[in-house]
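The structure under discussion appears below in the form of structure tokens.
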Amino acid sequence: MAKIERSQKLFLKAMKEKFQGEDPSSLNTAFLRKGLEQSERKREFLKSGRKVEMERGLVQYDPKRCHLGGIPLGQRQLMTYELSGTGTFVEGDDLHFVNNAAMQQMWDDIRRTIIVGMDLAHQTLQKRLGKEVTPETINEYLHILNHAMPGAAVVQEHMVETHPALTSDCYVKVFTGDDEVADDLEKQFVLPIEKLFPAKSAEALKAAVGKSMWQAVHIPTIVSRTCDGGTTSRWSAMQLGMTFIAAYRMCAGEAAVADLAYAAKHAGVIQMADILPARRARGPNEPGGIKFGHFGDMIQGDRKYPNDPVKASLEVVAAGSMLFDQIWLGSYMSGGVGFTQYATAAYTDNVLDDYTYYGYDYVKDKYGGAGKAPLTQDAINDIAGEVTLYAMEQYEQFPTVLEDHFGGSQRASVIAAASGLSTSHATGNSNAGLNGWYLSMLMHKEGWSRLGFFGYDLQDQCGSANSMSIRPDEGLLGELRGPNYPNYAMNVGHQGEYAAIVSAPHYSRQDAWVMNPLIKITFADPALVFDFAEPRREFAKGAIREFMPAGERSLIIPAR
Amino acid sequence: MAYTPQYGPGSTSVAENRRKYMNPGYKLENVRSATDEDLVLIMGHRAPGSAYPSAHPPLAEAGEPNDPMRKLVTPTEGAAAGDRVRYIQFADSMYNAPCHPYLRSYLEAYRFRGVDPGTLSGRQIIECRERDLEKYAKDLVNTELFDPALTGVRGATVHGHSLRLAEDGMMFDMLQRCVLDQKDGVVKYVKNQIGEPLDRPVSVGKPADDAWLKAHTTIYHSMVGTPYRDDEEALEYIKRIHSLRVKYGFMPKEA
């Protein structure tokens, strides 16, 4: 067996904290049936539920009567969870997105973002209208735009406007690969690529952007939350158009305005997510339309930790599990609260971390490092097979870990994710990574004669045949797949992991971006409310109620 | 040439047990004797001795259309009588319970007619006509497929298959449907499969010892049983299947 450098049973510390006084490898335990009161958060729920009932005269949270005819939760230990890699222990309830402001803000920050090119508008101004565009006019334009984008008037008289304090998270910055132009713009308006990224990545990104200039637009959280993702381009385009009129002294109704509007709404726009088919009934900038490759660019672990591709990948797993499992599938597409329990297994207690670092070290030892494994089926089978066996053995050797991941779907996702990520790192190929995932699923199912819920009988039993194909109707490059890819469209415990598996090859190779350099640069912005380089740390802050979100309404509601 | 099922690969006792249990030619060993009434009580679908509620008239009285498929497929006893479709559901501990979800579905498909198995990680359900169900349930509870401590008949709130065992060796059950009687060492169901209290306890025998469980189980386990890693034949076969599915996903032309 390979010499393991970093696999140090990373989950053991969490097991000892969760199951205090117990041997993590013991097969037996005493089930004390302490009920709800063993959990601080459940006690808080009970108290709050009673208060709500008194205030409104209508029953609410009443688990002692309503759960299983009088048998409440907590017949076994109600565990805490460590947000992997953070050392912060939280209660499971704190990881439901309703109870976690950081989780809400992560999705808000994606949904309210749109990237709009300036080149088409500048061409219209210069060539069609004969106006001069200089760094000075661009600075003035951006000054007006940052006044207008939150919802302020710039042209007409007697207009309603939004309150600046309610929209303080709304702003627009620009970026370009042209250092000379960037230097001439006011610093407050520019995303400094060379400061935000490692030198090699910065050079590659600037070369990719070239002399073009792009606006990273973030409309107010409160707007996109009240409306939907489709609003982002409309809100943005209206304010962009009005700003051009004001900044370049245009006629409000002249035909050239239509060109600016067309550029802002269609021709020069990068939506964060594609519009979905009519049966999904969702506009653009909704989670189901985010391509996995784009998601790998939104998450910024690789920028902050370029030499730790495992950590960078695990941050994508966490962010993707939260967005795609808990919010998209769990609430947009389904209902109830169960999806959180599935999803959190992938980013708590360092279990997936341990398995993935094991795989990374196995690859280093056997093949000489990331990206050095031969691109063969045998190599995929070897890497994914070894990691699957290792992961299954950890669940067997440490019954507390098995009890931690008490659902088959949790285990299947975690084992297959470690296998797929390891294969991705080894081969530098996203489809090979996905293929490793599917071998893992077959091995898991045959070894334990069980897998996940019914959904795992669907995609995970046919993935062998489509994961290495890119022909239409048969498959697709991993980076271009997404939550609405046919086999992936309704199955918890997969999409966040897939997003990480298709991003991992790029992180290992230290590519500057996964699929879109513009998205990579936009989400590197430290002014965003959510820090996309540290999703797990941010979720932990949300869980312990230390994350300050945007879009709050306390200014316009009665003080309590 | 007649097809001879191979049932599955593997060179270990786990693989051999799987093949045996799936093979309808292998007679499952009876190890307990729960009565018809016991099983009706545990399943909780009807009162013992009561008539079978029906979903439709008996087929003989239904005036069925002239349909070649109906002539080809003989109805089961329950279907002919017009019984309701009801279920029995099991939770199997990963610590060497004899039977496990996918194997249950496979063996039920090989051994029983007119059944609809459903497979999850923590439970496996089989649905069929009620009087057929009662017949099949006897095979599933009275034979080597069942262990009183590690196999649970659980219609809802099945949580337990992956949890550590209680100090008395029983698989966790939130509803405590069955308990180990410390006086006689016998496991007794005191609630039916959806947790309604029974009028009388139903005994399902003493838990098997570790050696029997290890010899009869169908799950690989590196701590309490047969390590998966040791079954090279099974692992090689799975990788071969995966590789061939990849290859034939592209429909290659063979030389």
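Derivation of every value follows stated rules applied to the coordinates shown; laboratory data play no part. These figures come from a predicted structure and were not determined experimentally. Cβ placement follows ideal geometry from the backbone for every residue including glycine, while neighbour counts extend to all protein chains displayed.
A few comments on the model shown:
- Cα shape, segment B:1-140, gyration tensor, a/c 1.5 rule: oblate
- Using a Förster distance of 56 Å, the FRET efficiency for A:L458-A:A199 (Cβ separation, nearest 0.05): 0.80
- Each part gets one Cα centre, and for segment A:453-524 versus segment B:71-123 those centres are 35 Å apart.
- Net charge contributed by nearby residues that have their C-beta within less than 14 Å of A:N484 (K/R +1, D/E -1): +3
- Amide H to amide H distances under 5 Å link A:F31 with B:E167, where only residues 5 or more positions off or on other chains count and H is placed in the peptide plane.
- Two-decimal Rg/Rh across chain B, once Rg and the Kirkwood Rh are taken from alpha-carbon atoms: 1.02
- Segment A:389-492: radius of gyration over Cα atoms, expressed as a fraction of 2.2 N^0.38 Å: 1.08
- Remark on A:M515: its backbone amide H falls under 5 Å from those of A:D297, a criterion applied only to residues 5 or more positions apart or on other chains, H modelled at 1.01 Å from N.
- Length added when fully stretched, A:A281-A:K211, from 0.36 nm per residue minus Cα-Cα: 21.4 nm
- Cα-based equivalent ellipsoid, segment A:262-402: semi-axes from gyration tensor eigenvalues, Å: 33, 22, 14
- Computed [θ] at 222 nm, deg cm²/dmol, chain A (DSSP H ≥ 4; -39,500 (n - 2.57); rounded to nearest 500): -14000 deg cm²/dmol
- Segment A:131-174: C-alpha gyration tensor shape, a/c 1.5 cut-off, then a/b vs b/c: oblate
- Alpha carbon convex hull of segment A:174-217, projected area averaged over orientations, nm²: 2.8
- Averaging 1/r across all pairs of distinct Cα atoms in the protein assembly as shown and inverting the result yields a Kirkwood radius of 29.2 Å.
- Distance from segment A:351-391 to segment A:25-68 (C-alpha centre basis), Å: 43
- Hz values of 3J(HN,Hα) by residue in segment A:36-43 - Karplus curve (6.51, -1.76, 1.60), Gly and Pro given as x: 4, 5, 5, 9, 4, 5, 5, 4
- Here the label points at B:D230 and B:N23, each 7 Å from Cα along the C-beta direction, are separated by 2.2 nm in the simple model.
- Between the helical axis of A:377-397 and the longest alpha-carbon principal axis of chain A there is an angle of about 60 degrees.
- For segment A:408-555, the equivalent ellipsoid derived from the Cα gyration tensor has semi-axes of 30, 20, 14 Å, listed largest first.
- Tilt relative to chain A, helix A:495-508 - C-alpha long axis, 0 to 90 degrees, to 10: 70
- Neighbourhood net charge (13 Å Cβ-Cβ; Lys/Arg +1, Asp/Glu -1) for B:E64: 0
- A Förster distance of 41 Å, applied to the separation of the beta-carbon atoms of B:S54 and A:S25, puts the FRET efficiency at 0.15.
- Rounded if a/c under 1.5, otherwise prolate or oblate - segment A:202-300, Cα gyration tensor axes: oblate
- Cα long-axis angle, helix A:101-111 against chain A (0 to 90 degrees, to the nearest 10): 50
- Hull volume in cubic angstrom per residue (convex hull over the Cα atoms of segment A:82-189): 173
- For chain B, adding -39500 (n - 2.57) for each run of n ≥ 4 DSSP H residues and dividing by the number of residues yields -9000 deg cm²/dmol at 222 nm.
- For A:A256, net neighbour charge (Lys/Arg +1, Asp/Glu -1) across residues whose Cβ lies under 12 Å away: +1
- In this structure the amide hydrogen of B:L198, modeled in the peptide plane, comes within under 5 Å of the amide hydrogens of B:K191, B:N192, none closer than 5 places in sequence on its chain.
- Percent antiparallel among DSSP beta bridges (both partners in chain A, rounded to 5): 95
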